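A.B. asks: What follows is a single structure, and I will ask about it in a moment.
Please treat every number below as a calculation from the coordinates, not as lab data. Every value quoted in this text rests on a predicted model; they were computed, and no experiment measured them. Cβ atoms come from the backbone with ideal geometry, glycine included; neighbour counts cover every protein chain shown.
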Amino acid sequence: MEEDLFSLAGRRQDGTEEEAVRRRAEFLRSELRRHNRLYYEQAEPEISDAEYDALFLELEKLERDHPELADPDSPTRRVGGAPLQGFNQIRHAVPMLSIDDIFEQRDALIPDEELVEFYNKLVRTLGTDAVPVSVEPKIDGVALSIMYRNGRMSYAATRGDGEVGDDVTANVRTIRTIPLTLPANAPAVLEVRGEVFMPNEAFAKLNEERDAEGLAAFANPRNATAGTLKQLDPRQVAARPLAFLAHGLGAYEGPELKDVKDFWDMLRHCGIPCNEPVHYTDTLETTRQAVRDIDRGRHSLPYGTDGAVIKIRSMATREALGATARAPRWAAAYKFPPEQKETTLLNIVVQVGRTGVLTPVAELRPVLLSGSTVARATLHNQDEIDRKDVRIGDTVLVEKAGEIIPAVLKVNLSRRPENSKPYSILEATGGLCPACGNPIMKEEGKVAWRCTNFTCPAQAVTGITHFCSRAALDVESIGSSVAEALRGSGLAASALDLFSLTLEQLANLNLGTAEEPRRYGEKNAQKALDALKNARELPLERWLIAFGIPQIGEVVAKALADTHPDLDHVAESPYIRDIIRLDELVESALKANPNTRENRKAVREGTLSAEEAQQRYKELTDEIDALTGPYLETGYLRKNTGKLSYGSEIGVAAAKSLNSFFTSAAGHHTLDVLHRLGINPQSQSYRANLLEIPAGILSGKTFVITGTLSQPRDHFERLIAEHGGKATGAISKSTSYLLAGSGGGSKREKALKLGVPVISEEEFGKLIGN
Ligand SMILES: NC(=O)c1ccc[n+]([C@@H]2O[C@H](COP(=O)([O-])OP(=O)(O)OC[C@H]3O[C@@H](n4cnc5c(N)ncnc54)[C@H](O)[C@@H]3O)[C@@H](O)[C@H]2O)c1
Ligand SMILES: [Zn+2]
């Protein structure tokens with residue numbers, strides 16, 4: 001990761017430069033894809049649009065300057081997004097495209113130079129002086145296509161990846177201003193393209209309500225809209241005030257439309273809400289003026305706008321110009337630069353999010369930005385703070401793009417107070433979570449600090465959901481909405497409270513709203529209690545996963561179960577402490593080695609005595625030998641080929657993370673509660689000596705799994721491992737069995753060819769004595 005974050009500046013023109021450019025392009029592509037997912041699929045963007053656009057432009061430029069890097073899958077050539085889970089998909093009759101951007105260059109001599117270029121290019125391409133265009137506000141919402149056939153709404157779909165979107169008809173039907181039927185003489189086929197949005201006022205009210213209910217606020221109206229449209233329950237959508245405005249046309253069969261004015265007239269006749277105001281112009285100067293007019297008036301529109309869309313009026317010309325894979329050639333979106341202002345950064349506070357991530361937030365001297373007062377801005381994470389060197393007391397430049405939570409762009413160094421100090425989250429928090437007081441940690445390769453305590457009140461919902469997930473304790477009937485309700489009602493502040501719930505409490509849990517209650521019900525409640533009862537007996541590794549300790553996934557959890565008989569032994573494990581100690585000893589020894597270049601130099605220069613160096617090194621290596629000896633005999637440690645290099649079942653980072661959890665207050669609390677409940681999860685695979693072949697019924701046998709089975713593949717892999725066998729990916733002569741479900745043709749053939757026995761799920765069950 002880190003090596004990708006280099007700057008291209010100052011590289012020499014040779015092979016390494018090419019490689020550097022390629023790597024940078026790859027990095028930008030993967031970052032843009034990641035941000036697309038966050039933005040379109042999760043409605044939880046991490047960066048502002050302006051920051052996203054900067055990455056996008058950099059990649060576009062790289063691809064333009066280095067045509068050899070062309071990639072048809074590049075985010076610059078695609079509509080960013082993907083269909084969601086839980087919805088039916090609809091293939092669009094006509095692809096739903098994006099629009100190419102034109103950026104205003106703040107402080108440039110001609111700030112709208114790109115607009116001039118765009119218009120002049122149209123003039124040249126079309127060979128006329130006057131190109132009639134329309135200019136209208138760009139609505140910051142979620143793109144929607146509504147298909148009417150023979151005067152009735154037939155479906156409504158989101159943009160998705162441009163080709164295939166989600167069927168959100170049921171949700172869209174709840175938006176009151178959208179007609180379900182059209183007047184008698186409406187076109188036979190009319191696919192209206194437009195934008196769903198949440199009006200600014202309704203958005204502010206919704207966030208106030210969410211705040212009062214203790215729910216996370218939406219970052220901006222666009223997010224709130226995307227989040228609402230994603231709801232699987234149309235009643236929830238109906239409860240939120242969404243609006244729609246049309247701005248474009250997809251499939252169409254009806255009277256000929258020559259000019260975009262005909263299009264607007266037809267929509268108005270059909271009773272479809274239209275985007276306004278539309279300016280009609282036919283010279284460069286009047287077009288520039290129209291864009292400026294929209295900029296001036298945009299803050300009084302009921303929705304967020306960050307630009308103006310310029311479109312050719314003539315439908316025939318649009319057709320003739322066509323589109324690229326990403327955007328039409330006959331339109332452009334002029335993006336207004338987000339408003340920026342300087343103010344003083346009064347303080348930095350650290351907030352704990354629902355996943356336990358610590359976010360530093362700047363408290364600002366309030367300033368008026370894009371029509372609202374800004375008093376707080378996100379600083380994202382420590383890396384961002386370091387990169388911008390933001391300090392308390394600084395004068396900072398703040399930006400508010402759309403309604404995104406404002407961001408601190410940079411520091412005005414000329415106004416920095418004299419005694420200011422760099423800001424560190426670790427120092428400011430004393431290494432403890434501000435919400436629960438337990439240790440925080442930063443995972444390797446990640447930028448965020450996080451609270452390590454799965455019982456932290458700030459992360460109750462995620463903690464409970466994870467605790468109940470399939471890989472953990474598999475309490476299927478408790479998902480995120482039940483967790484949310486449990487927390488909201490005060491019944492469970494953390495996952496450990498689940499075991500004290502009664503049937504009555506659970507059954508009466510309200511999953512709806514105060515106005516529209518929806519009971520969880522006896523049946524679900526009983527199912528949840530049964531699953532929780534079952535969870536008490538689940539093996540150690542599943543519990544270790546359930547605690548959500550950083551670095552502890554399925555593999556490490558299994559390794560812990562192989563090397564510890566039960567949870568109490570993991571909590572007190574000398575093995576884990578010794579792994580950490582060994583790591584420290586090896587590091588010291590490598591440094592103390594008299595043969596390193598530095599130490600030889602120090603001896604030559606007389607700053608280090610040769611005898612002392614030898615002595616110190618010997619002490620360290622003796623200690624290492626003493627520590628590793630017994631573990632090497634039981635296979636808990638392996639000697640690697642490198643000098644002083646050892647392998648352990650549990651990595652050093654995981655060992656440190658475990659140690660930190662079990663010595664923290666949260667760890668002690670967890671063990672106390674489990675003891676009180678009489679739960680001490682047991683290992684089913686503990687072996688005091690790993691070098692002895694396990695005496696499982698499948699020991700020495702290898703399996704390959706193929707086809708569709710009644711349970712996910714990892715279920716069978718687990719069974720095989722529990723009985724001492726091994727599951728591998730590829731089939732060979734030495735494979736003992738092919739466990740085959742339906743399908744799985746090629747592996748089955750290969751097994752038959754190699755003479756490997758093919759067994760069914762039933763036969764496998766017999767093999768392990770079920
Ligand atoms: N912050 C992030 O992480 C992140 C991630 C991905 C995308 N983005 C933002 O989204 C932009 C790209 O998204 P996009 O591809 O949806 O493009 P876009 O939103 O910039 O423009 C295209 C869309 O504008 C809509 N639109 C609104 N008003 C319109 C009008 N009057 N006429 C025609 N179309 C109108 C259309 O639905 C069209 O699909 C980026 O420039 C960036 O600002 C941000
Ligand atoms: Zn915490």
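A.B. asks: About its Cα centre, how strong a charge dipole does segment 101-335 have in debye, to the nearest 20, once Lys and Arg get +1 and Asp and Glu get -1 at the Cβ? Mind dumping the intermediate values first?
C.D. replies: On the way: 29 positive and 34 negative charges, 100 e Å.
In debye, rounded to 20, segment 101-335 gives about 480.
A.B. asks: Nearest 20 debye, what's the magnitude of the dipole of the chain about its Cα centre given +1 on Lys and Arg Cβ and -1 on Asp and Glu Cβ? List each step's numbers first, then the result.
C.D. replies: Details: 93 positive and 110 negative charges, 208 e Å.
Computed charge dipole of the chain: roughly 1000 debye.
A.B. asks: Calculate how large, on average over all directions, the projected area of the Cα convex hull of segment 103-185 is; give the answer in nm² to one decimal.
C.D. replies: Working: hull surface 38.1 nm².
Projected area, direction-averaged: 9.5 nm².
A.B. asks: So, one more: Label-point separation (nm) for Asp568 and Gln614, each offset 7 Å from Cα along Cα-to-Cβ?
C.D. replies: With each label placed 7 Å out from Cα toward Cβ, I get 5.0 nm.
A.B. asks: Report the Cys residues of the chain lacking a disulfide-compatible partner, meaning no second Cys Cβ under 4.7 Å from their Cβ.
C.D. replies: Lacking a cysteine Cβ partner under 4.7 Å: Cys270, Cys274, Cys468.
A.B. asks: I would also like to ask the following. Mind ranking 233-240, 295-302 by how tightly packed they are, going by the mean number of other C-beta atoms within 10 angstrom, highest first?
C.D. replies: Numbers: 233-240: 16.1, 295-302: 13.2.
Ranking, from highest mean packing down: 233-240, 295-302.
A.B. asks: So between Ser300 and Ala325, what do we pick up on full extension, going 0.36 nm a residue minus the alpha carbon distance? Numbers along the way, then the final one.
C.D. replies: Numbers: separation 25, 0.36 × 25 = 9.00 nm, distance 3.46 nm.
Once the chain is fully extended between Ser300 and Ala325, it gains 5.5 nm.
A.B. asks: Note the angle between two axes, namely the Cα long axis of helix 49-65 and the longest principal axis of the Cα atoms of the chain, as a number of degrees from 0 to 90, rounded to the nearest 10.
C.D. replies: Roughly 90 degrees, rounded to the nearest 10.
A.B. asks: Out of all Cα-Cα pairs in segment 702-767, roughly what percent, to the nearest whole number, are more than 16 Å apart?
C.D. replies: Details: 791 of 2145 pairs.
Result for the distance tail: 37 percent.
A.B. asks: Follow-up question, since we're still on this one. Find the eigenvalues of the gyration tensor of the Cα atoms of segment 341-429, then list the square roots of 5 times those eigenvalues as equivalent ellipsoid semi-axes, largest first, in whole angstrom.
C.D. replies: On the way: eigenvalues 73, 64, 20 Å².
Equivalent ellipsoid semi-axes, largest first: 19, 18, 10 Å.
A.B. asks: Return the FRET efficiency for the residue pair Thr355, Arg713: r is the Cβ-Cβ distance, R0 is 25 Å, and the value is rounded to the nearest 0.05. Each step should come with its number before you reach the end.
C.D. replies: Values: r = 28 Å, r/R0 = 1.10.
Computed FRET efficiency for Thr355 and Arg713 comes out at 0.35.
A.B. asks: Now for a separate question. Longer than 30 Å from Cα to Cα, which of Lys388/Lys591; Lys656/Lys747; Lys400/Lys421 are they? Say none if no pair is. Could you put the intermediate results ahead of the total?
C.D. replies: Values: Lys388/Lys591 35 Å; Lys656/Lys747 42 Å; Lys400/Lys421 26 Å.
Pairs exceeding the cut-off: Lys388/Lys591; Lys656/Lys747.
A.B. asks: Output the Kirkwood hydrodynamic radius of segment 621-770, Cα pairs only, in Å rounded to one decimal.
C.D. replies: On the way: mean 1/r = 0.0528 Å⁻¹.
Answer for segment 621-770: a Kirkwood hydrodynamic radius of 18.9 Å.
A.B. asks: May I pose another question? Counting each DSSP H run of 4 or more residues in the chain as -39500 (n - 2.57), what helix-only mean residue ellipticity at 222 nm follows after dividing by all residues, to the nearest 500 deg cm²/dmol?
C.D. replies: Numbers: 27 runs with 290 residues, N = 770.
Here the helix-only value at 222 nm equals -11500 deg cm²/dmol.
A.B. asks: Further, regarding this structure: Give, in nm to one decimal, the length gained when the segment between Asp474 and Ala602 is fully stretched (0.36 nm per residue of separation minus the Cα-Cα distance). Walk me through the intermediate numbers first.
C.D. replies: Numbers: separation 128, 0.36 × 128 = 46.08 nm, distance 5.93 nm.
Roughly 40.1 nm would be gained on extension.
A.B. asks: Sticking with this one: Shape verdict for segment 554-677, please, from the Cα gyration tensor: rounded (a/c under 1.5), prolate (a/b greater than b/c) or oblate. List each step's numbers first, then the result.
C.D. replies: On the way: a/c = 3.30, a/b = 2.30, b/c = 1.43.
Prolate, since a/c reaches 1.5 and a/b exceeds b/c.
A.B. asks: Another question about this same structure. Return Phe103, Phe197 ranked ascending by Cβ neighbour count within 10 Å, so the fewest neighbours appear first. Before the final figure, lay out each step's value.
C.D. replies: On the way: Phe103 20, Phe197 25.
Ascending number of Cβ neighbours within 10 Å: Phe103, Phe197.
A.B. asks: Which length gain, in nm to one decimal place, applies between Arg676 and Lys442 when the Cα-Cα distance is subtracted from 0.36 nm times their residue separation? List each step's numbers first, then the result.
C.D. replies: Values: separation 234, 0.36 × 234 = 84.24 nm, distance 3.16 nm.
Gain on extension, Arg676 to Lys442, equals 81.1 nm.
A.B. asks: Pop a pseudo-label 7 angstrom from the Cα along the beta-carbon direction at both Tyr686 and Glu761 and give the gap in nm to one decimal.
C.D. replies: 3.3
A.B. asks: Next question. Got the relative contact order for the chain handy, in percent, Cα pairs under 8 Å and 6 or more residues apart? Please report the intermediate quantities before stating the final value.
C.D. replies: Working: 1311 pairs, mean separation 61.4, N = 770.
Over the chain, the number comes to 8 percent.
A.B. asks: Please report, in whole Å, how far the alpha carbons of segment 108-256 spread along each principal axis, starting with the longest.
C.D. replies: Principal axes ranked by extent give 59, 49, 26 Å for the Cα atoms.
A.B. asks: Could you give the nm distance between label points at Glu587 and Arg106, where each point is 7 Å from its Cα heading toward the beta carbon?
C.D. replies: 4.3
A.B. asks: Please report the net charge: other residues with Cβ closer than 11 Å to the Cβ of Leu182, K and R +1, D and E -1. Let's see the in-between values first.
C.D. replies: On the way: positive: Arg149, Arg152; negative: none.
Summing Lys/Arg as +1 and Asp/Glu as -1 gives +2.
A.B. asks: Would you mind computing the Rg to Rh ratio of the chain from its alpha-carbon coordinates, Kirkwood style for Rh? List each step's numbers first, then the result.
C.D. replies: Values: Rg = 31.4 Å, Rh = 31.0 Å.
Rg/Rh for the chain comes to 1.01.
A.B. asks: Highest mean first, what order results for 519-532, 464-477 on Cβ atoms within 10 Å?
C.D. replies: On the way: 519-532: 16.4, 464-477: 19.9.
Going from most to least packed, we get 464-477, 519-532.
A.B. asks: Give the residue from Ser494, Asn510, Pro187 lying farthest towards the positive end of the charge dipole for the chain; charges sit on Cβ (+1 for Lys and Arg, -1 for Asp and Glu) and the dipole is referred to the Cα centre.
C.D. replies: Farthest towards the positive end: Pro187.
A.B. asks: What residue among Val555, Leu122, Ser746 has its Cα farthest toward the positive end of the dipole of the chain, where the charges are +1 on Lys, Arg and -1 on Asp, Glu, each on the Cβ?
C.D. replies: Ser746
A.B. asks: Right, here's the next one. Taking just the C-alpha trace of segment 198-289, give me its Rg and Dmax in Å.
C.D. replies: 18.4, 53
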